[in-house]
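Single-structure report; data block below.
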Amino acid sequence: MSFKVRIAQADRTIDVPTGATILATALDAGIGYPFGCQSGNCGACKSHLVKGEVTMEGYSEFALSDEEKARGLILACRAVPWEDGEVAWLEEDDLVVHPRRLLDCTVVGLEDATHDIKRIRLAIVSGGPFDFSAGQFASVTFEGCPPRDYSMANVPGDPVLEFHVRQTAGGATSMHVATKLKIGDHVRVEGPFGPSYLREGHRGPIIAVAGGSGMAPLKSIVERALQKALPQHIYFYFGVRTERDLYLHDHFAALAKTHDNLHFIPVLSEGDGSNLRNGLVHEAVAADFDEFDGCKAYLAGPPVMVEAATKLFEQRGMRRADIHADAFYTAAEMATAGKKTGAEL
């Protein structure tokens, strides 16, 4: 048994088998439906349910809020139809789509960023060119490990890709990176994915909030904005537990000295007597801003941080459309909750 679902922009009707999702069936039919994580966490496949009925399970409130659901929006990657219907994916004026690539790479750089985060640099051997927008992520497969999603930390166009991998308890991939990865190793990279990228046409203030290895995509976003000489002020908040968890502090402090529109604010949640800001990172933002008129926010890092910052921005008047959030779940969290993130801790 199947249900007929019309895809408005493609002007095609597909037969969706019972229990199958609209997105999976559309992609199998060769329709260029916008998507990212395919697991209900990024919102790239958000769509209008024009008519019909669907059920959805196992998605993140960052991808689809209750208010959006009440307005008839769905996530095509989680939507299972129970009658014939029609959907239309959301149109976005600045939507950017890059061709998906499967790259063969080799490790050319490997260093400790902190006591538990590795900075990895990969040279593309074949499969390029690799075009992406600052803030996006890729599926990265190290030899003998399952694929994991990590955000690019380099600026688009750089010949070498950069990723930040934090070691997590029980994480097979992060443990491999921490203890076994070496220069010259082969790595496969597939992408790009994700809708939480820099909107280069926006000219209002940028508020970037990173937690831990969420530094990676926001490093790419901030450096790209500076590279493009975007004129607005950029407020980059970097939240970590203690001073030993900070990295790239000197790098961004130096950039802030040479770019009058960049403001770099590291925040320690467990203050240890340093002269840096103390407290939760979203609380630091709340102390600095009464409202966010004309701003866009870019968030990346632990889900609890992303959720708190998202609520703050919404409470002070920011539109959900101007909040571009990438919550990093660990592999264990994804297995427990049935989730997949834009990138991993």
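The values are calculated or read from the model by the stated rules, or taken from the named source; none is laboratory data. Remember, predicted model here, so these are calculated numbers, not experimental data. Backbone-built Cβ (ideal geometry, glycine too); neighbour counts: all protein chains shown.
Which of the residues that make up the range 271-299 are hydrophobic (A, V, I, L, M, F, W, C) and over 16 Å from D245 (Cα atoms)? Residues satisfying the conditions are A284, V285, A286, A287, F289, F292, C295, A297, L299. A Cβ distance below 7 Å, combined with a sequence gap of six or more or placement on separate chains, defines the contacts here; from the range 295-323, residues that are over 22 Å from A153 (Cα atoms) reach residues that are hydrophobic (A, V, I, L, M, F, W, C) and in a helix (DSSP H, G or I) in the pairs L312/V285; L312/A286. Taking the range 24-129 as the region of interest, the strands (runs of 3 or more DSSP E) fully inside it that hold 1 or more residues being out of contact with any Ser or Thr (no Cβ under 6 Å at 6 or more places or on another chain) and under 30 Å from G211 (Cβ atoms) are 46-51, 73-75, 101-112, 117-126.
Residues considered: L198, L218, L230. Of these, the only one that is in contact (Cβ under 8 Å) with a residue 24 or more places away in the chain and part of a helix (DSSP H, G or I) is L218. Is one or more of the residues making up the range 165-175 assigned by TED's automatic domain parsing to the domain that holds E270 and part of a helix (DSSP H, G or I)? There is no residue in the range 165-175 that is assigned by TED's automatic domain parsing to the domain that holds E270 and part of a helix (DSSP H, G or I).
Kindly indicate which of R188, R224 is in the same structural domain as H164 (by TED's automatic domain parsing) and not in a loop (DSSP other than H, G, I, E, B). Matching residue, one of R188, R224: R188.
A count restricted to the range 21-44 and to residues that are more than 23 Å from D66 (Cα to Cα) and of a type in the set (A, V, I, L, M, F, W, C) stands at 5. Taking the range 39-85 as the range and being basic (K, R) and more than 17 Å from T13 (Cα to Cα) as the test, the residues that pass are K46, K69, R71, R78. Looking at the structure I just gave you, is T55 modelled with pLDDT of 85 or more, more than 18 Å from the chain's Cα centre (by Cα) and either assigned by TED's automatic domain parsing to the domain that holds A169 or surrounded by 14 or more Cβ atoms within 10 Å (Cβ to Cβ) (or both)? It is false that T55 is modelled with pLDDT of 85 or more, more than 18 Å from the chain's Cα centre (by Cα) and either assigned by TED's automatic domain parsing to the domain that holds A169 or surrounded by 14 or more Cβ atoms within 10 Å (Cβ to Cβ) (or both).
One residue stands out in the range 137-156 among those that are outside any strand (DSSP E or B) and at pLDDT 95 or above: the one that is farthest from T114 (Cα to Cα), namely P156. Note on the range 123-144: among residues that are more than 19 Å from the chain's Cα centre (by Cα) and under 10 Å from R188 (Cβ atoms), the one that is surrounded by the fewest Cβ atoms within 10 Å (Cβ to Cβ) is E143.
For the range 257-276, the tally of residues that are modelled with pLDDT under 90 and of a type outside the set (A, V, I, L, M) stands at 6.
Every residue, every condition in (1) hydrophobic (A, V, I, L, M, F, W, C); (2) touching a Gly at 6+ places or on another chain (Cβ under 9 Å); (3) over 30 Å from E243 (Cα atoms), yes or no:
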position: C105; (1), (2), (3): yes, yes, yes
position: T141; (1), (2), (3): no, no, yes
position: C145; (1), (2), (3): yes, no, yes
position: S151; (1), (2), (3): no, yes, no
position: G157; (1), (2), (3): no, no, yes
position: G170; (1), (2), (3): no, no, no
